[in-house]
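Please read the structure below before turning to the comments.
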Amino acid sequence: MDLDKTLFVVSTKSGGTIETLSLYKHFRAAKDDGSHFVAVTDPGSGLEQLATEQGFRRIFLADPNIGGRYSALTHFGLVPAALMGVDLEAVLSRALVAEQNCAHHDSSAGNSGLWLGLAMGEFALAGRNKVTFFVSAPIESFSLWVEQLIAESTGKEGRGILPVAGEPVGDPEAYGDDRVFVYLRKDDEPDEELDAKVAALGEAGHPTVTVSMEGGPNDLGRIFFFAEFAVAVAGWVLGIDAFNQPNVQEAKDATNEVLAGFESSGSLPEVADAGEDELRSLLAQAEPGRYVAIMGYVEPSEEFAAAIEDLRVIIRDATRATTTFGYGPRFLHSTGQLHKGGPPDGIFLQLLHDGDASEEIPGAPYDFTTLKNAQAIGDIETLRKHGLPAERVRLSGDPAAGVRELTEQVKGLL
């Protein structure tokens, strides 16, 4: 990375997110020039004050009344989009189309956002509370955005809808009767193979919803608004507040407690690795109606993602349980809310891998590896305090190879 030609976007609503501020400290030490940094935050946050004091090039203040997961069409999404060269006028024009469509409340027939929200909520009440997304190229990553939107909005008070992103499409018999499938389809460049697989799911009796994408990536503006409206409606159907996230703070508090212990003792709490018996006991609980959440505190890579896909398919096809995967600590701000606050039907497998070297966090008594481990410890301890089954496997060497070895072990246990 050529730091002389790099602009860093420091983005956090609260202004105090530990990951964001730790990365800022690291890169500010490497490039001590405020003109290379811009901030996106809420008015009055600690980041606004920090950016002012340290001479950031620009501070973008967002509407504090809009929650983070609903902020794709605010400064939090639009600033990076503008830097990427996205046509903001086109994106926002498409969002206006969705807003106008969702303005009619007399009947769901003319309001697709209302219809989808009612459908998701009612399906969840009937036991189909796992919404699985299939997304056409080139916007596959949309599923990761909508994952946070749904999980953090609905997963609380023992209720919620589990979003499932990135799970390979299976045959109809691979799924239990707890699923709903949403297919985001690019109409002008249809994927005939995916079309056929989704059609087969519908013909087998699984509820399927197809959302058409029109006119290329600019149509994301319409889809963002449409999804946000639908999820708010689904929250109303479930009888929960779709705009709070009580258990996200719980995970942050757990991390801070672990870090405080590290500062005083110089060591982190020990968490035992799962042996074969523990894994067998954990996976024996996987069945239709439940989900296996694989949580990877691992450096992302295409090889690792491919290995995880294989592991998910092995578990799903053998048990018909739903599978999810998230990189830590990102998922703590996303599905982490539903893990702890939603229906208690999760089974949790934490994968942890430390690289050969770690970077210091300037001004902090711990480095990035310690921070990652503290977050992993805080998360698994919190899950267990909620009475949820959770085990850890620490990977060594090549993490992708470690997952492939684990997959072979799991095959023998199922």
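Coordinate-derived values only; no laboratory data. Just so we're clear, the structure is a prediction, and the values are computed from it rather than from any experiment. Methodologically, a virtual Cβ is constructed for each residue, glycine included, from the backbone with ideal geometry; neighbour enumeration extends over all protein chains shown.
For residue 252, go through the lysines and keep the ones whose alpha-carbon is under 16 Å away, minus same-chain ones fewer than eight residues off.
13, 340, 372, 385
With contacts defined as alpha carbon pairs under 8 Å and 6 or more residues apart, what's the relative contact order of segment 3-65 in percent?
Working: 96 pairs, mean separation 22.9, N = 63.
Relative contact order for segment 3-65 comes out at 36 percent.
How do 372, 411 rank when sorted from fewest to most other Cβ atoms within 10 Å of their own Cβ? Mind showing how you got there, number by number?
Details: 372 23, 411 12.
In order of increasing Cβ crowding within 10 Å: 411, 372.
Using DSSP to define loop residues, name the trypsin sites (Lys or Arg not before Pro) in segment 48-130 whose beta-carbon has at most 15 other beta-carbon atoms within 10 Å. Each step should come with its number before you reach the end.
On the way: sites: 57, 58, 69, 94, 128, 130; in loops: 57, 128.
Answer by residue number: 57.
Round to a whole angstrom and tell me the spacing of the C-alpha centers of segment 158-225 and segment 356-414.
So the separation of the two Cα centres works out to 31 Å.
Most exposed first by the Cβ proxy, i.e. fewest other Cβ within 10 Å, how do 70, 366 rank?
Details: 70 23, 366 20.
By the 10 Å Cβ count, ascending, the order reads 366, 70.
For the charge dipole of the chain, defined by +1 on Lys and Arg C-beta atoms and -1 on Asp and Glu C-beta atoms about the Cα centroid, which residue among 324, 132, 101 has the Cα displaced farthest towards the positive pole?
Of the candidates, 101 comes out farthest on the positive side.
Express in whole angstrom the spacing between the alpha-carbon centres of segment 1-56 and segment 250-310.
Distance between centres, Cα-based: 30 Å.
Run through the DSSP bridge list for segment 246-413 and note the antiparallel percent, rounded to the nearest 5.
On the way: 1 of 19 bridges.
Once the DSSP bridges in segment 246-413 are tallied, antiparallel ones form about 5 percent.
Of the listed values (i) 25, 58, 17, 0; (ii) 29, 60, 11; (iii) 24, 54, 22, 0, grab the one calculated as P(r) over Cα pairs in 20 Å bins from 0, in percent from the structure here.
(i)
How big is the charge dipole of the chain about its Cα centre, in debye rounded to the nearest 20, if each Lys and Arg gets +1 on its Cβ and each Asp and Glu gets -1 on its Cβ?
Numbers: 33 positive and 63 negative charges, 186 e Å.
So the dipole magnitude of the chain works out to roughly 900 debye.
Quick one, what does Rg over Rh come out to for segment 1-105 if you take C-alpha atoms and the Kirkwood Rh? Don't skip to the answer; put the middle values down first.
Values: Rg = 15.6 Å, Rh = 15.0 Å.
Over the Cα atoms of segment 1-105, Rg/Rh equals 1.04.
Taking R0 as 30 Å, what FRET efficiency do you get between residue 105 and residue 61 from their Cβ-Cβ distance, rounded to the nearest 0.05? Each step should come with its number before you reach the end.
Working: r = 32 Å, r/R0 = 1.06.
That gives a FRET efficiency of 0.40.
Lys and Arg at +1, Asp and Glu at -1: add these up for the other residues within a Cβ distance under 15 Å of residue 333 and post the number. Write down the numbers at each step before the final one.
Details: positive: 13, 69, 156, 252, 330, 340, 372; negative: 19, 147, 152, 250, 253, 379.
Around residue 333, the charge tally is +1.
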